[in-house]
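Inspection log for the structure reproduced underneath, given as structure tokens.
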Amino acid sequence: MEKTEKSNLIYLSKLNNEIKEINETKNVINTEKFEIPKEKIRYYIFDNIKGILIFMVVFSHFLFEYSTSHQNTINRKIVVFIYSFHMPCFIFISGFLTSSNSIKIINLTRLLILYYLFNFSFSLIVYFLYDYKINFLVPQISYWYILSLFSWRIIIKFLIKFDYIILISIIISLLEGYWECFSNILAIGNTIAFLPFFLAGNYIRNKGLIDSYLKLKKGFVKFCFILFGFFTFSYIIIIYIDKHKITNSTLLMNKYNENNKLEDRIWFLANSSIMIFFFLLLIPNTKIYILNKLGKNSLYIYLFHRIITLVVSRNIFNKKNFTSHIIELSFIFTIIVLFVFGSDFVLNFCNASLEFIHKNLFYYNFKGKIIRYIFCFSFILMLLINPIKIYSHKKNKIIDINKENHWKINNDLNIIINNSIRISYVGDLIMLKDQVTSSKNNITGKYDFDYMFKYTSNHFHESDLSIGVYEGPSAGNKTSYSTSNYDDNIPIFLNYPDEFVEAVKKAGINLVTTANNHLFDKKLEGALRTLDVLDKYSLIHLGTYRNNEEKRKVKIVKVKGINIAFLAYTSQVNHIRIQELYKKYNFLTNIIPYKTNKYYNNIYKDIKNDFIRAKKESPDIIIVLAHMGEQFLHHTVEFQEKWNKIFSDLGADIILGDRSHTVQPLEYIGNTLIINSPGNFANSYIKMDGDSTALIDIYINKHTKKVIGASAIPMYTKKLEQNLFCAIPIYDLINNKLIELNETERMRVEEIQLMSTKVLVGKEIGIKDIKKNYFFINNSYYDLDKV
């Protein structure tokens, strides 16, 4: 009896404990907002959608290299259509599939290992094959998604507790484009921008809405309406893409700029949301073997494919035999990539490798020790690889140059530079309203612009040829001079006194291009009169012409025995539509056309003929002066990059660009040296880095008549008196103390020095290590003092 009572007491005690545990569990369920449904349910629809999306991802990445923002080709339309929804759809599904298991430390760690392995491997490949920079904190191309997924899964448990979190995330996503602090470091910018899609997917999972949602598409009539809606919406999107310039910045959710505004991101978010809605309604929730398999194995396809797309695009698709079949070849290579990296063999092998690394990485055994050593070594290698490459590059650079030039000079690049011809190039010779009026002598009534060139004139005279961009007409004072200071909301019509041409010539500039967007500011008469004034002061010019005969004549300038052919073009002309200009005044200038220009093919043919005529003159060097690009940017845009490549392919040895009003990088395409923009020359609009400019020297070997390289001389635009500005080399300003600077000006000079050197030659060099010239040879900065 006592035993029975004892056993009953034990049973009751256990029962009470179980009841207590049940009640505690209920309390947790009632109070915890973050709930995740059953883990075992797997919806086939998501694997099917992922299968379709991974095909689109790979296919569009093959095409992406041949699709720029200003193109209107079928390639471009396909890329824009796919990019307008493919990553948001993927992210939405990632949010839905994120379970309580996904956010465990063990699985989050696996994501970081995958990111490190693939980002590191890809960095090495592109660094050595294509000379891309390695930045440990910035993900390479597509691998931002893995890092963002890691971040989303860390924060989802906390974010989901807040009411209206999806609406809040949409607002933050829209504002993110304004915040420069959210850069691509650790994929922070993309993580914030794409967050609404991840939250939406997770919200549908947590609320158990998917089953109710899938019922919407049941029934033949419903399905027909949905299908009709899908194709109608897709057609509207295609028409929208055809009629609007949608830039890569919009598609990649980059920071806002002139071509990527808030309304573009709103369009992107709305379009992606609608496409996700249609995908969920259209794709069946039944197992479709091929799509299902690709969907399940999509992770490793995504991780591996970017290496393949880059290598194939750069080494196969760029061959002339293949360029007309990019779409067909992209489709074939996409199928191959999906077949290979979507196989169970690759999946099992990669999973086993990942499990082996993860299992041993944190254990103090022999295998773990080896793995940790490998990770540490690779991390150190990533930190050291840039200086190692630079050092080895320097050691071999002189040998390469001598080998190319066949000139035995004891490997001394200084001798090569000193025994070459030097061509100097400055950017926009442009004057706004107050600059012109303040340069007038009220006693004599004459204009004096010599002050602008006070600290650069000697350099121009010492060069064998000095080139500038005469941006604006000299149409005579009957039409009034420049009308605006740019930021005063007054329409800009530029016009300069004849004395400005005299000052340019007196300063030592021998040649100017007049092909620019302001050439028509004083109509045809102003443009033609400018040519008369330039001829009056014997200033060599090209870019605008009086007639077709003058336009077709190639400008050849002989510099110390080297024959140089010059061609000049502009992408824009103010106050007249380019198409109208081409139709009515075809003789006036040479145009760089956008793909949307209905005369594109004719203009492109004209440009090709220009190069054919130039080559018939047997020049040693062909220089293209190209007025193109976006204003106030320190980087090139796709239109520039496209036309730099075209000019290079047609035979340009040097491309001298301008229009951005700011300094832009020096670079090479093949053997073509490109100066994208040296900035304005002493312009009064000094906002938006308008006070930063540069003088570029280009060196051509006298013996081989080949381009050696270039050097940059950063300059500061100093305000001398009211509305009088001049450009001063920063080296002379600091070392020779040519002029007094107040503390604010000195700090600004230091900022310009750092910014200019980084932009122009790719190396940030401060006042402490200041040099007169910063050499750019073999596509990288070259320190002659350390040769």
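In the list L524, L567, L531, L511, which residue meets the criterion of being at pLDDT 95 or above and surrounded by fewer than 21 Cβ atoms within 10 Å (Cβ to Cβ)? Can you show your working first?
On the way: L524 fails: at pLDDT 95 or above; L567 fails: surrounded by fewer than 21 Cβ atoms within 10 Å (Cβ to Cβ); L511 fails: surrounded by fewer than 21 Cβ atoms within 10 Å (Cβ to Cβ).
One residue alone meets the criteria, L531.
Any residue at all in the range 486-494 that is in contact (Cβ under 8 Å) with a residue 60 or more places away in the chain, on the phi > 0 side of the Ramachandran plot, in the same structural domain as G427 (by TED's automatic domain parsing) and in a loop (DSSP other than H, G, I, E, B)? Scanning the range 486-494, I find at least one residue that is in contact (Cβ under 8 Å) with a residue 60 or more places away in the chain, on the phi > 0 side of the Ramachandran plot, in the same structural domain as G427 (by TED's automatic domain parsing) and in a loop (DSSP other than H, G, I, E, B), so the answer is yes.
For the range 438-468, filtering for residues that are under 18 Å from R422 (Cα atoms) and either of a type in the set (S, T, N, Q) or touching a residue at least 60 places away in the same chain (Cβ under 8 Å) (or both) leaves 10. When you look at I156, is it assigned by TED's automatic domain parsing to the domain that holds S100 and closer than 29 Å to Y115 by Cβ, yes or no? Against the criterion (assigned by TED's automatic domain parsing to the domain that holds S100 and closer than 29 Å to Y115 by Cβ), I156 qualifies.
Each row is one residue, and each column tells you yes or no for (1) surrounded by fewer than 23 Cβ atoms within 10 Å (Cβ to Cβ); (2) modelled with pLDDT under 90.
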{"position": "G679", "(1), (2)": "no, no"}
{"position": "A682", "(1), (2)": "no, yes"}
{"position": "Y685", "(1), (2)": "yes, yes"}
{"position": "D689", "(1), (2)": "yes, yes"}
{"position": "L695", "(1), (2)": "no, no"}
{"position": "L720", "(1), (2)": "yes, yes"}
{"position": "N736", "(1), (2)": "yes, yes"}
{"position": "M747", "(1), (2)": "yes, yes"}
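Being in contact with a strand residue (DSSP E or B) (Cβ under 7 Å, 6 or more places away or on another chain) and modelled with pLDDT under 90 holds for only one residue in I417, I443, and it is I417. The requirement of being charged (D, E, K, R) and under 17 Å from D658 (Cβ atoms) is satisfied by E471.
Among the listed residues K758, K737, which satisfies the condition of being in a loop (DSSP other than H, G, I, E, B) and assigned by TED's automatic domain parsing to the domain that holds L429? Write out each step before concluding.
Numbers: K758 fails: in a loop (DSSP other than H, G, I, E, B).
Result of the check over K758, K737: K737.
When the range 605-632 is filtered for residues that are in a loop (DSSP other than H, G, I, E, B) and either in contact with a His (Cβ under 7 Å, 6 or more places away or on another chain) or hydrophobic (A, V, I, L, M, F, W, C) (or both), the ones remaining, listed by number, are M628, Q631, F632.
No other residue among I237, I266 is out of contact with any Asp or Glu (no Cβ under 9 Å at 6 or more places or on another chain), in a helix (DSSP H, G or I), modelled with pLDDT of 80 or more and under 27 Å from Y143 (Cα atoms) apart from I266. Would the range 583-603 turn up any residue that is in a helix (DSSP H, G or I) and charged (D, E, K, R)? Looking through the range 583-603, at least one residue is in a helix (DSSP H, G or I) and charged (D, E, K, R).
The values are calculated or read from the model by the stated rules, or taken from the named source; none is laboratory data. These numbers were taken from a predicted model, which means no experiment stands behind them. For neighbour counting, all protein chains shown are included, and Cβ atoms are generated from backbone atoms with ideal geometry for every residue, glycine included.
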